[in-house]
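Let me begin by presenting the structure, written as structure tokens, before commenting on it.
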Amino acid sequence: MKIKILRQTLPNTEPYWEGFDVDVNKDMTIAGVLDHINYNDDIIDDTGKKTSRIRWECSCLQGMCGSCAMVINGIPALACETMIRDLKGKEITIRPLQKFPVIYDLVVDRSIIYENLKKINMFIGEYIPVENKKPKKREKELEHQYEVAKCLKCGLCLEVCPNYVNGNNFFGALFANDCYLVSSRNQSKLTEIIQGYEEHFGKTCSKAFSCMDVCPMHIPTLASMAKMNRYY
Amino acid sequence: MREAIVTGGGISGLCCAVKLAEAGVRVKLIAPYPSERSQSVMAAGGINGVLSKPEQGDSVNCHIEDTLKGGNYLAGKEAVTGLCQQAEEIIKYLEKIGTVFTVDSEGSLVKRAFGGQSYKRTYFCGASTGKQIVSALVMEVRRFEVKGMIERHFWTFFHSALIRGEKCYGALVYNERTDKVEAIYADFLVMATGGQNSLFGKTTGSALCDGYAAGQLFLQGVELKNLEFIQYHPTTLETCQKRMLISEAVRGEGGRLFYVENGKRIYFMEEIYGPKGNLMTRDVVSREIDKIVKSGKEVFLDISFMGEKEIRHRIPEVSDLCMKYRGIDISRESIPVAPSVHFFMGGLAVHLNHETNIRNLFAVGECASIYHGANRLGGNSLLAAMYSGMVAAKEIESRDFEQETVDFSDTEAKANLGLKKMKDTKSQFPVMYIRDMLADTMGQNLGIVRNEEAMKKGLSDLDYYLSICDRLSFDSSVSMYTNYSLKAILTLAKATLLCALYRNESRGAHFRSDFPDIDDAFAFATIIANDEGQFKIRMDKEHSYEN
Ligand SMILES: Cc1cc2nc3c(=O)[nH]c(=O)nc-3n(C[C@H](O)[C@H](O)[C@H](O)COP(=O)(O)OP(=O)(O)OC[C@H]3O[C@@H](n4cnc5c(N)ncnc54)[C@H](O)[C@@H]3O)c2cc1C
């Protein structure tokens, strides 16, 4: 199968497409394909030219760490979870996330995510949960907190979002979810967090909800938003 | 103000950084990637502790005894006692800072059974205990980042420690953004770099844990301990990209191991060890499975009797993983399993206060060797990651301020020159080729069952790789770090093989077919030291590290 990859040698050099002919089977993931290309003494592209190994970030290789976020056939996804059997067409295109600076090939710098969370004091500090007398409601709340705390900070929700540009002002779904997590676990921060939420999320989000489609953890961002809106 | 460097952003590094900052020590937290990428997020099963409402009959003493016994009495009693006594406080602390533990309808934490333990005492957060703990700790770290007490440095890799006269003054780090080595001076250096997975290529864990730091520190005179004890997780599933862990929770929930003979299921663990056989310690289960696999049969793990609903409720992650990567529906089918490298009981030798043999140099988490002896119990390493971070921080807090500056600018310049020279090297082997060969030779010659002949073969391979490693061509298609880390990784592999060869007995995770019995002469930790290029091994008969 033809695999086309948008490559870049250094942060300040021009990106270019390079093709590879790879023997794939339907049970392989894109991570498996990248490994397969790289696991050779000589890496040969589809013109027969010797080329360099493809650089990509990986850690857990099983959808738990968010390292390998990239854009596969136009859709932001984790390489280690994207199966060949689920992809359509005769060729696969892979490019780095566009909304973050490229370091090289498929590796991007996502530091801005953390810089933004720091800007609005996104931490729980003291545990003073919003009181919930009814056990059922309490249980639901905990369940939602659990879901939200699974966020990988992989940036897929930002990549797909029509409102997120470069993180200068609008901070995106992962931020909205953390706003919920912090305010539900520490009431005393409610006012501060709501302000940040409104400024960096609420007033700009156009509710496309594509973030929920691509989230590898299936975090129900809509529910976080509903809860935040109730806190207003 | 005192300053410390913490290298590694997994649970142990995060915990140590927070506790140091709380104590007024300023921290530089060094790790190439955010904590969300660390191996700690992969821990699914849980964290051990005996809390105020234990299972009937359980006690902290019982946790201590299980841990010591599981580790074949190689770990020091005092260390393990501290670990288990602190468990309740640690779990309460984690809850307080926002870790979402699984609770029952009354709001009490739920516990499950794990291998090698007399009672249920493993507390968990749904299917993602490690991840939930990391999420909570990352927020705590942020609290101190905002105050200026913790500074996170991404895209930086450990290069070496600044050591002079048996004392540590900070670290050299390689900054990928500037492509340069930089000296960072600090009063204390804490290593929290995780296990040495890459000696074996792909393991159940993270590709970021490569053992470089332990190998490099060994080259610089830091002693290593118990390297031969490598835990194979008995139940892993083959997929196209790695062998994935099938959590021990499956067996904790009643999962049964079997193979098929003459059309009949043989529940071999129950046959050999009785009704609790499936939950024997990992070393025992791995060896039994290995025997069957080597005889050409396949081993399966069955949990289908639990029913779809309960499976979705109790172990959804296992069900998802099997379906996603292999199309196996575990409520109908059994899971084909085999053992794979999972955890390293050995690592940097540390005293009870987590300091190494070099003053002001500490190690915490999986890269330190202290609590698990010859075999680790599931759920004890998250506990140890937290506990060790706290112990090291407390020790550092109690230290008198030794205001003393030593200039390492020559060392820094030399390191940069070294990298530059590396870029000019030429030969036929790229770095990645040797890394792959290393994994092959370690897998073949230092498996679950070992013998002298195979290990000697492994050693001769390693001696060859080490002999060419300085002359390897610079591999510009992998990072500078991957290039410069090779030598120390190979050195660590060699030290590991030497320790395994030295231990002429079978104990815990170390099983020798040529010495199948336990031997009292080896009832001590193995220490390996690098004496100006000579690798010297001794049994720690004086318990110089443990007690
Ligand atoms: C699949 C799986 C499941 C597990 N389940 C459980 C469980 O249920 N219960 C339990 O108790 N234990 C479990 N464990 C073990 C446990 O997860 C680990 O022992 C523990 O998380 C280790 O934490 P750590 O802080 O020591 O290191 P890690 O989390 O491995 O973090 C190491 C850090 O060091 C950094 N680093 C590495 N090298 C360098 C370098 N050269 N320079 C700078 N930084 C570096 C890494 O980037 C990373 O940030 C499991 C392990 C695996 C693999």
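Taking the range B:520-540 as the range and being within 26 Å of the chain's Cα centre (by Cα) and more than 23 Å from B:Ala214 (Cα to Cα) as the test, the residues that pass are B:Phe522, B:Ala523. Restricting the range B:432-453 to residues that are small (Gly, Ala, Ser) and in a helix (DSSP H, G or I), the residue that is farthest from B:Asn504 (Cα to Cα) is B:Ala439.
Looking only at the range A:181-202, residues that are more than 18 Å from the chain's Cα centre (by Cα) and among the aromatic types (Phe, Trp, Tyr) come to 1 in all. Regarding the range B:94-104, can at least one residue be identified that is more than 8 Å from chain A (Cβ to nearest Cβ), assigned to a strand (DSSP E or B) and open to solvent by 20 Å² or more (accessible area, probe 1.4 Å)? No, that holds for no residue. Number of residues in the range B:34-75 that are within 14 Å of chain A (Cβ to nearest Cβ) and more than 7 Å from the ligand (Cβ to nearest atom) equals 3. Scanning the range B:196-247 for residues that are of a type in the set (Ser, Thr, Tyr), more than 10 Å from the ligand (Cβ to nearest atom) and either more than 10 Å from chain A (Cβ to nearest Cβ) or not in a loop (DSSP other than H, G, I, E, B) (or both) gives B:Tyr232, B:Thr235. For the range A:37-52, the criterion of being within 10 Å of another protein chain (Cβ to nearest Cβ), part of a helix (DSSP H, G or I) and not hydrophobic (A, V, I, L, M, F, W, C) is met by at least one residue.
Each residue in the range A:118-148 was checked for being open to solvent by 50 Å² or more (accessible area, probe 1.4 Å) and over 23 Å from A:Leu222 (Cβ atoms), and 8 pass.
For the range B:331-389, list the strands (runs of 3 or more DSSP E) that sit wholly inside it and hold at least 1 residues that are in contact (Cβ under 8 Å) with a residue 60 or more places away in the chain and in the same structural domain as B:Glu288 (by TED's automatic domain parsing); which are they?
Result: B:335-344.
The residues in the range B:163-195 that are farther than 16 Å from B:Gly418 by Cα, away from chain A (no Cβ under 14 Å), in contact (Cβ under 8 Å) with a residue 12 or more places away in the chain and more than 10 Å from the ligand (Cβ to nearest atom) can be counted, and the count is 14. Open to solvent by less than 10 Å² (accessible area, probe 1.4 Å), of a type in the set (Ser, Thr, Tyr) and assigned to a helix (DSSP H, G or I) - does that describe any residue in the range B:62-82? Within the range B:62-82 (the criterion being open to solvent by less than 10 Å² (accessible area, probe 1.4 Å), of a type in the set (Ser, Thr, Tyr) and assigned to a helix (DSSP H, G or I)), the answer is yes, since at least one residue qualifies. B:Ser206 satisfies every condition listed in (1) at positive phi; (2) open to solvent by less than 10 Å² (accessible area, probe 1.4 Å) except (1). Among the strands (runs of 3 or more DSSP E) confined to the range A:56-143, the ones with at least 1 residues that are more than 8 Å from chain B (Cβ to nearest Cβ) and within 27 Å of B:Met244 (Cβ to Cβ) are located at A:69-72, A:75-78, A:91-95.
If only residues of the range B:1-26 that are open to solvent by 10 Å² or more (accessible area, probe 1.4 Å) and away from the ligand (no atom under 16 Å from the Cβ) are counted, the one that is farthest from the other protein chains (Cβ to nearest Cβ) is B:Arg2.
What's the total number of residues in the range B:85-116 that are in contact (Cβ under 8 Å) with a residue 40 or more places away in the chain and either within 14 Å of the ligand (Cβ to nearest atom) or assigned by TED's automatic domain parsing to the domain that holds B:Gly508 (or both)? Residues flagged as in contact (Cβ under 8 Å) with a residue 40 or more places away in the chain and either within 14 Å of the ligand (Cβ to nearest atom) or assigned by TED's automatic domain parsing to the domain that holds B:Gly508 (or both) within the range B:85-116 amount to 10.
The values are calculated or read from the model by the stated rules, or taken from the named source; none is laboratory data. Everything quoted here is computed from the prediction, not taken from an experiment. Neighbour counts are summed over all protein chains in view; Cβ atoms, including those assigned to glycine, are modelled from backbone coordinates with ideal geometry. Heavy atoms of the whole protein, side chains included, go into the accessibility calculation; ligands, DNA and RNA do not. Shrake-Rupley method; radii C 1.70, N 1.55, O 1.52, S 1.80 Å.
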